[in-house]
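Here's the structure we're looking at; comments come further down.
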Amino acid sequence: MSEKTVLITGASRGIGAATARLLASQNYNVCLNYHRQIHQAEQLSQTLRTAGCKTLLLQADISQEKQVTEMFCRIDNAFGPLTHLVNNAGILKPQMKLRDMTAERINELLSVNVTGYFLCCREAITRMSTAHGGNGGAIVNVSSVAARTGSPGEYIDYAASKGAIDTLTTGLATEVAREGIRVNGVRPGFIYTDMHTDGGEPKRIERLKPVIPMQRGGQPEEVAEAIAWLLSDKASYTTGSFIDLAGGK
Ligand code: NAP
């Protein structure tokens with residue numbers, strides 16, 4: 001079997017870290033991108049290495065083009081061309097209504113949640129495309145149930161960034177379908193990670209439980225399972241598709 005090399009952006013914690021643990025157990029070489037949490041990223045990398053996985057730790061801000069291109073070059077040098085990408089890194093700003101949002105806040109959020117995903121997709125497809133000498137590949141973009149709900153009163157800017165990711169997924173899936181590359185999305189919601197603290201409400205999931213049809217939040221590992229399936233050959237006829245993981249919401 002040929003070697004599988006995956007890059008997971010935002011792998012230091014939360015959904016990214018859970019995905020890294022699962023893919024490491026499925027014989028991928030795992031490239032772990034992080035932004036600020038070096039200790040958590042190093043600890044995860046060490047754990048995966050101890051279990052026999054080949055890892056590469058990559059500090060980069062995905063909103064910065066030069067840092068993204070350098071990150072992909074480091075992967076080329078370590079493992080050869082990338083075969084799988086999980087575009088996962090994302091940020092959330094404190095809850096507020098649109099009338100109070102500044103251009104600085106909106107632009108910062110979009111530069112990570114949208115520009116960062118575009119840049120990583122660009123670098124990945126350049127390496128994967130069978131039209132350019134690559135062997136094909138698979139991409140999963142981590143969107144959000146917020147793309148459908150719009151997150152009124154909480155963070156419409158974040159929701160809109162995820163709407164852009166759904167559109168990116170749909171368009172790119174078609175654009176590269178003949179080049180051996182599949183592009184799919186997952187839309188999680190109410191997952192127990194640090195992200196809700198960044199939004200200013202660590203107990204947000206507890207407040208919203210009554211309106212979630214399954215009456216509970218989700219675990220990062222439950223999202224990782226869907227990502228791993230979409231990346232795998234078991235999903236070989238699936239592209240431009242989305243799996244919602246939000247307890248029925
Ligand atoms: P999290 O626990 O807050 O983790 C966010 C990750 O993104 C961290 O690894 C962080 O790196 C990384 N990151 C942030 N800014 C970055 C940048 N500029 N460059 C590179 N990495 C950066 O979040 P999570 O809940 O696991 O979220 C993962 C994805 O799922 C996000 O796209 C999020 O929007 C989406 N999502 C989450 C939920 C939920 O309920 N949790 C629901 C829907 C969608 P450092 O730790 O190194 O700073």
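The values are calculated or read from the model by the stated rules, or taken from the named source; none is laboratory data. Computed from a predicted structure; not experimentally measured. Quick reminder, even Gly has a Cβ in these numbers, built from the backbone with ideal geometry, and neighbours come from all protein chains shown.
Taking the stretch 43-67 as the search range and keeping residues that are more than 9 Å from the ligand (Cβ to nearest atom) and among the β-branched types (Val, Ile, Thr), which one is farthest from ALA18 (Cα to Cα)? So that I can check it myself, show each step before the final result.
Looking only at the stretch 43-67, we keep the residues that are more than 9 Å from the ligand (Cβ to nearest atom), and these are 43-58, 65-66.
If we keep only those that are among the β-branched types (Val, Ile, Thr) too, we end up with 47, 50, 55.
Details: THR47: 12, THR50: 16, THR55: 15 Å.
Selected residue: THR50.
Which one is surrounded by the fewest Cβ atoms within 10 Å (Cβ to Cβ) among residues in the stretch 208-225 that are within 12 Å of the ligand (Cβ to nearest atom) and part of a helix (DSSP H, G or I)? Checked the stretch 208-225; the qualifying residue surrounded by the fewest Cβ atoms within 10 Å (Cβ to Cβ) is GLU221. Of all the residues in the stretch 177-210, those that are under 18 Å from the mean Cα position of the chain (by Cα), β-branched (Val, Ile, Thr) and closer than 16 Å to ILE15 by Cα number 3. Here ILE75 passes the criteria (1) more than 23 Å from GLU222 (Cα to Cα); (2) touching a residue at least 60 places away in the same chain (Cβ under 8 Å); (3) part of a loop (DSSP other than H, G, I, E, B) except the one numbered (3).
Say we look at the stretch 1-26 and pick out the residues that are at pLDDT 95 or above and in a loop (DSSP other than H, G, I, E, B); which of these is surrounded by the most Cβ atoms within 10 Å (Cβ to Cβ)? Reasoning before the result, please.
Within the stretch 1-26, the subset at pLDDT 95 or above is 4-26.
Among the residues that remain, those that are also in a loop (DSSP other than H, G, I, E, B) are: 9-13, 25-26.
On the way: THR9: 26, GLY10: 26, ALA11: 33, SER12: 26, ARG13: 17, SER25: 14, GLN26: 13.
This residue is ALA11.
Please find, among LEU85, LEU92, LEU98, the residue that is out of contact with any Ser or Thr (no Cβ under 6 Å at 6 or more places or on another chain), buried (at least 18 other Cβ atoms within 10 Å of the Cβ), in contact (Cβ under 8 Å) with a residue 40 or more places away in the chain and over 22 Å from ILE181 (Cβ atoms).
Numbers: LEU85 fails: over 22 Å from ILE181 (Cβ atoms); LEU98 fails: buried (at least 18 other Cβ atoms within 10 Å of the Cβ).
Just a single option satisfies the conditions, and that option is LEU92.
If you go through the stretch 57-66, how many residues are touching a helix residue (DSSP H, G or I) at 6+ places or on another chain (Cβ under 9 Å) and assigned to a helix (DSSP H, G or I)?
To start, the set of residues in the stretch 57-66 that are touching a helix residue (DSSP H, G or I) at 6+ places or on another chain (Cβ under 9 Å) comprises 57-65.
Next, only the ones that are assigned to a helix (DSSP H, G or I) stay: 65.
Going through the stretch 57-66 one residue at a time, the tally reaches 1.
Residues of the stretch 158-188 that are within 12 Å of the ligand (Cβ to nearest atom) and of a type in the set (Lys, Arg): LYS162, ARG187.
Is one or more of the residues making up the stretch 128-139 in contact with a Phe, Trp or Tyr (Cβ under 7 Å, 6 or more places away or on another chain) and crowded, with 18+ Cβ neighbours inside 10 Å? Write out each step before concluding.
Residues of the stretch 128-139 in contact with a Phe, Trp or Tyr (Cβ under 7 Å, 6 or more places away or on another chain): none.
Taking every residue of the stretch 128-139 in turn, none turns out to be in contact with a Phe, Trp or Tyr (Cβ under 7 Å, 6 or more places away or on another chain) and crowded, with 18+ Cβ neighbours inside 10 Å.
With (1) assigned to a helix (DSSP H, G or I); (2) more than 15 Å from the ligand (Cβ to nearest atom) as the list, and ASN29 as the residue in question, which single condition is left unmet? Result: ASN29 fails condition (1) only. Looking at (1) out of contact with any His (no Cβ under 6 Å at 6 or more places or on another chain); (2) more than 10 Å from the ligand (Cβ to nearest atom); (3) touching a residue at least 60 places away in the same chain (Cβ under 8 Å), can you tell me which one VAL145 breaks? Only one criterion is unmet by VAL145, namely (2). For GLN40, the conditions (1) within 14 Å of the ligand (Cβ to nearest atom); (2) outside any helix (DSSP H, G or I); (3) over 16 Å from the mean Cα position of the chain (by Cα) are fulfilled apart from (2). In the set ILE191, ILE205, only one residue is within 12 Å of the ligand (Cβ to nearest atom), free of Cβ contacts under 8 Å to residues at least 60 places away in the same chain and closer than 29 Å to ALA24 by Cβ; that residue is ILE205. Are any residues in the stretch 91-127 over 17 Å from TYR155 (Cβ atoms) and polar (S, T, N, Q), and if so, which ones? Matches in the stretch 91-127: THR115, THR126.
Note on the stretch 1-18: residues that are among the polar types (S, T, N, Q), in contact (Cβ under 8 Å) with a residue 60 or more places away in the chain and near the ligand (Cβ under 9 Å from one of its atoms) amount to 1.
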